[in-house]
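Got a structure for you, questions after.
Only the coordinates and a few stated rules stand behind these numbers; no lab work does. Since we're looking at a predicted model, the values are computed, not measured. Glycine gets a Cβ as well: all are built from the backbone with ideal geometry, and neighbour counts include every protein chain shown.
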Amino acid sequence: MTVELVEVEPKRYVLKILGLPCPYPVLYTVKTLDKIPHGETLEVVFDNQPSCETIKEAVVRRGSQVLNLERLEEALWKITIKK
């Protein structure tokens, strides 16, 4: 299990959520978005395929924008969100 938030450059963060089932990837994503300022970017890297849809739905409902969703490996995805 890995949950790690890193500011990789000003106004851009990477949140790694590995080894956790739903609903944890969504919960950690929403909690992190609440902490970062408006206009900044959050990249969420996760290994739970159902979270592709649940993260997208949750962040859009909260007023953030999904910029990209990509599959990095067979069981690894990255969603890029602008708050």
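So, counting K/R as plus one and D/E as minus one, what does the shell of residues with Cβ under 12 Å around T2 add up to?
Residues close to T2 contribute a combined charge of -1.
Once you wrap a convex hull around the alpha carbon atoms of the chain, what is its projected area averaged over all directions, in nm²?
4.7 nm²
Calculate how many DSSP beta bridges within the range 2-82 are antiparallel, expressed in % of all such bridges and rounded to the nearest 5. Don't jump to the answer; show the numbers that get you there.
Numbers: 20 of 26 bridges.
Within the range 2-82, antiparallel bridges account for around 75 percent of the total.
Using +1 at the C-beta of Lys and Arg and -1 at the C-beta of Asp and Glu, which of N68, Q49, H38 has the Cα lying farthest in the positive direction of the dipole of the range 30-77?
Result: H38, furthest along the dipole toward the positive end.
Moving on. Counting alpha carbon pairs within less than 8 Å and at least 6 residues apart, what relative contact order, in whole percent, applies to the chain?
28 percent
Right, here's the next one. Charges at C-beta only: +1 for Lys and Arg, -1 for Asp and Glu. How large is the resulting dipole of the chain about its Cα centre, in Debye rounded to 20?
Numbers: 12 positive and 12 negative charges, 75 e Å.
Approximately 360 debye in magnitude.
Using a basic spin-label model with each label point 7 Å from the Cα along Cα→Cβ, how many nm lie between K82 and C52?
Placing both labels 7 Å beyond Cα along the Cβ direction yields 2.3 nm.
Between V60 and L27, how many nm apart are label points set 7 Å from Cα along the C-beta direction?
Between V60 and L27, the label points sit 2.4 nm apart.
In the Gaussian network model of the chain, springs joining C-alpha atoms below 10 Å, which of K11, K56, K35 carries the largest mean-square fluctuation?
Comparing K11, K56, K35 in the GNM, the peak value goes to K35.
At 7 Å along Cα-to-Cβ for each site, give me the label-to-label distance between K11 and E70 in nm.
Calculated label separation equals 2.0 nm.
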